[in-house]
């Protein structure tokens, strides 16, 4: 019996990570069309037969799972729903062009509420020069569900997949890690206090950065542009949606390599450190970075020959290197000991 199956032979989703679940469900699908350049298993499907390929990706957000309406403004929710999908386009080193948005909604929501949601969708589309070209609307008995399909393009010589990292490549990350989860922790804390005392007025002053990182993330097309202008094509790339541990493990699995990530090199904002110290004496900022998720930064590998080019780019940190496969996926502590990275199981917040 598999270690993830119970005595009845039932496999619980809680014992699997998101990536493992998708792999298990889709491993017997074989592309039949020549226009399917890359199918299931990456941030986007890659389609087409010409030099310029089409990128397609889909993201779904469900109320009570991916967002809580008690502290999520509808305009921010619309923006975030699109931004999450666009981040997958960036993770393939591409440019976004169109989105389709489908909404399942209960009668708890009015037309005016949906107008707020679509105002956020429009703002994100406007910011990234993306066209809304279609979608669907359906009724729901369980709140609000939003599905965004994003379409982009990339030239064949610049496609960057999760596979492709080679031994001795450098592991790089944009921005900082763990701040989105820190924003969620602040919101959840204020929610609990409000539920205990409805007269309580939330005090969110001083948490602007982590709150924005959670409520209104930005796809890192600026990093894609910087890399292109520097003449660098990453050897592999993924966006950090599940937390650094899960995503670097997925990158290594797809590339059939191991890695060493250095704890002291992880980029962590001071507000993330502050939130951790306020929440618990046992909560470490590195845990938020490894397991928090929803940062939507770009995690990528480069050849060592490109180090000098990347070193000059703003907001890019080299956090480790690729190793041989049998080395495993490890984090090196400041004391020079190693800890094996562990992916999260199926969780209620991405």
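The table below lists the values:
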| read-out | value |
| --- | --- |
| Filter result for the condition that a residue is touching a residue at least 60 places away in the same chain (Cβ under 8 Å) and buried (at least 19 other Cβ atoms within 10 Å of the Cβ), over 166, 175 | 175 |
| Which numbered condition residue 320 misses (of (1) in contact with a strand residue (DSSP E or B) (Cβ under 8 Å, 6 or more places away or on another chain); (2) farther than 27 Å from residue 233 by Cβ; (3) surrounded by 14 or more Cβ atoms within 10 Å (Cβ to Cβ)) | (2) |
| Count of segment 292-317 residues which are within 16 Å of residue 244 (Cβ to Cβ) and either out of contact with any strand residue (DSSP E or B) (no Cβ under 7 Å at 6 or more places or on another chain) or not assigned by TED's automatic domain parsing to the domain that holds residue 220 (or both) | 4 |
| Residue match in segment 234-242 (condition: out of contact with any strand residue (DSSP E or B) (no Cβ under 8 Å at 6 or more places or on another chain), crowded, with 18+ Cβ neighbours inside 10 Å and part of a loop (DSSP other than H, G, I, E, B)) | yes |
| Count - residues of segment 118-152 that are in a strand (DSSP E or B), in contact with a helix residue (DSSP H, G or I) (Cβ under 9 Å, 6 or more places away or on another chain) and over 20 Å from residue 68 (Cβ atoms) | 7 |
| Residue among 86, 13, 77 that is farther than 27 Å from residue 135 by Cβ and touching a helix residue (DSSP H, G or I) at 6+ places or on another chain (Cβ under 8 Å) | 13 |
| Some residue of segment 188-205 being within 24 Å of residue 317 (Cβ to Cβ) and out of contact with any strand residue (DSSP E or B) (no Cβ under 6 Å at 6 or more places or on another chain) | no |
| Matching entry among 139, 174, 179 (being assigned by TED's automatic domain parsing to the domain that holds residue 310 and touching a strand residue (DSSP E or B) at 6+ places or on another chain (Cβ under 8 Å)) | 174 |
| Residues of segment 221-233 classified as crowded, with 24+ Cβ neighbours inside 10 Å and in contact with a helix residue (DSSP H, G or I) (Cβ under 6 Å, 6 or more places away or on another chain), total | 1 |
| Residue that is part of a strand (DSSP E or B), closer than 25 Å to residue 239 by Cα and within 18 Å of the chain's Cα centre (by Cα), where the choices are 85, 96 | 96 |
| Residue match in segment 46-54 (condition: more than 30 Å from residue 215 (Cα to Cα) and either assigned by TED's automatic domain parsing to the domain that holds residue 243 or crowded, with 22+ Cβ neighbours inside 10 Å (or both)) | yes |
| Meets criteria (in the same structural domain as residue 265 (by TED's automatic domain parsing), assigned to a loop (DSSP other than H, G, I, E, B) and over 15 Å from the mean Cα position of the chain (by Cα)) for residue 201 | yes |
| Residue within segment 269-279 that is in a loop (DSSP other than H, G, I, E, B), touching a helix residue (DSSP H, G or I) at 6+ places or on another chain (Cβ under 7 Å), exposed (fewer than 14 other Cβ atoms within 10 Å of the Cβ) and at pLDDT 95 or above present | no |
| Flag if residue 68 is farther than 30 Å from residue 236 by Cβ and touching a residue at least 24 places away in the same chain (Cβ under 8 Å) | yes |
| Residue within segment 307-325 that is part of a helix (DSSP H, G or I) and over 28 Å from residue 94 (Cα atoms) present | yes |
| Any hit, segment 292-312, residues being free of Cβ contacts under 8 Å to residues at least 24 places away in the same chain, within 24 Å of residue 211 (Cα to Cα) and surrounded by fewer than 16 Cβ atoms within 10 Å (Cβ to Cβ) | no |
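The values are calculated or read from the model by the stated rules, or taken from the named source; none is laboratory data. Only a predicted model underlies this, so the values are computations on that prediction, with no experimental measurement involved. All Cβ positions, even for glycine, are placed from backbone atoms using ideal geometry, and neighbour counts span all protein chains on display.
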